[in-house]
Amino acid sequence: MTQTTDHGPALPQTPELPVPVQGGRRAALMACLIRGATAAGLGLGALTVLVMMVWISSPYPDSGPHGALHVAASLWLLAHGTELVRSDTLYGTAAPVGLVPLLLVVLPAWLIHRATRDALVPDGTGLRPRPSPRGAVCAVTLGYLLVGTAAAVYAAGGPIAPGPLSTACHLPLVALAAAATGVWAANGRPLGPPPVRLPARLREPLMRAALPGSRFEAAARAATAATAVLVGGGALLVATALVWHADATQDSFLHLARIWSGRLAVLLLGIALVPNAAVWAAAYGLGPGFALGTGATATPLALSGDPALPSFPLVAIVPAQGPGTPLNWSAVLVPVAAGLAVAVFAAARADAVRRRDTAADALLAAAFCGLAVAALAAAASGPLGTDRLAEFGPVWWSAGAAALLWTAGIGVPGALLVREWRGRGASAGWLPAVRAGVRARGTTGAPEPQPPLPAPATPSAPAGPVGPAGPAVPESPGRTAVRPTAPPDTPKAPAQAKALEVLDSLDAEAEPYDYLPPDGWAERRGRPTVDGNAPPPAGPVDPARPWAAPPSPWPSAPSPVGPPSPAKPRKPTAPPPAAEGDRPGT
């Protein structure tokens, strides 16, 4: 009965483990699919709200809400680099629109990036299933493409329809690239090893390039700085030109739209095209310039040809036709600043490498900068129609080549000069201290003579030898050690002088170093001699006392001072007191 009623000892409580979710892998992939579709819906919804606001506020809309929704879907596809086709032109022919506002690309790319990153970041409870990085990229991209395909099919019946081939190429490319950056950010932005499928000849250089502090990292940092300087300098040129041509810009803005809803649309479009204008201005400062149609090119030297300029505020800041002025030539300061940025950042690793390595870093950074400028020029340009409007913006290959030449021509020698300057400053850092020390010691470098101090009166000391050397102390047979004494002109305190004299007298009366073995002890104790002949071993151990230590091989050294003092007899000790029972007479 007690076995069923008595309670045993309480078991230790273990922390509750998270309950695994049924179908964890499938649930994680389905969540990523939904995240991708949600990201596409958010981007499409944001642009739809803007377009519907402009359409509602317009007093004379050209079409109904269906037309506004078609335009919103087309603009969303244009933000992915898709080329649009206008069918309602004056001549009745289709006109392509491929000039993509770069600011619009930021919205869908950021949404895809965040959806992939959030799908891989673990939560605090550990209950949410996590997919693999490859599965997350594929699932998010698939969900995004499902919504993108539906938007492309819907926009195909509008006045501005997306091109089928351009949609099939650009939409998946942007989605995959943004999802890959999300996975990279979720893993802490590492530079991991290259894939195993690559051959060894390519895999080893890539692994060395991914190491921290490598040439690839230094060149990438310098190229990023140079590209940022180029684009930032281009934006500064655009701002300066807007202020310089403020009247022309204002007239174009007011005549292009007479109502506030139209002006709001023009303002939003101009803001979205500001990054494009910055890239155009950077190409202008590099030298190749940008195209204003198929028959005109704007460079710092001149604006040649007959430009096809549409009415737009950002186009009103283009220089006038004819040769350039010194104000136009000053745009070359932008690539000069980019070359100096390459020089400064490439020389940052100069303390651990040689000169040719510094030059190689700067040259590799110039190559990366050229590739980045070529990619930006290709993304910022495109057609606005047919015939003369078929080409707008910088030519990507010429802009990239010019960026490479500018940054390499200034960055490579500049990096070497910065390296030498830093090395000179590091090696010359000790000069001020040396000069200050020489100045303190005088021109000859010798210390200034100090006047002798008066010797204090000392009490009478015991008689002893006086001279430059103290009494001779025998150190060992055949050698004599001499203890030097302080020079007579060096004053000493009374207590210090007395202590030294007492120590000298004790040292003189002390016996020689009796802990050193005398000559010939090795031969007598069985030690090997210098000539290699081993003498007979020492005496045997006493068998009756095996626990006793063997006789010491160190004989007592003879005292050179005199005969050894006789051993003192021991004082007899008193016997212990007897107990009371043992006393006599008890």
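Quick notes on this structure:
- A 1.4 Å probe run over the range 289-419, with the rest of the protein chains in place, finds 45 Å² accessible per residue.
- Apportionment of accessible area to carbon and sulfur, the range 32-77, percent (1.4 Å): 76 percent
- Separation of the Leu50 and His255 label points, Cα + 7 Å toward Cβ, nm: 2.7 nm
- Where only alpha carbons of the range 302-357 are counted, the Rg and the Dmax (Å): 19.4, 56
- Computing FRET efficiency as 1/(1 + (r/R0)^6) for Thr325 and Ala375, where r is the C-beta to C-beta distance and R0 is 35 Å, gives about 0.65.
- If you look at the Cα atoms of the range 329-416, you get an Rg and a Dmax of 15.8, 56 Å.
- Cut-off 12 Å (backbone N to label point 7 Å along Cα→Cβ of Arg263), residues of the range 302-325: none
- Modelled label positions at Ala200 and Thr93, each set 7 Å beyond Cα in the direction of Cβ, lie 5.9 nm from each other.
- Protein accessible area in the range 126-176, 1.4 Å probe - carbon and sulfur %: 77 percent
- When the solvent-accessible area of the range 309-397 is split by element, carbon and sulfur atoms take up 71 percent of it, the probe being 1.4 Å.
The values are calculated or read from the model by the stated rules, or taken from the named source; none is laboratory data. These figures come from a predicted structure and were not determined experimentally. Every residue, glycine as well, gets a Cβ built from its backbone with ideal geometry; the counts of neighbours run over all protein chains shown. Surface areas here come from the heavy atoms of the whole protein model, side chains and all, with no ligands, DNA or RNA. Shrake-Rupley method; radii C 1.70, N 1.55, O 1.52, S 1.80 Å.
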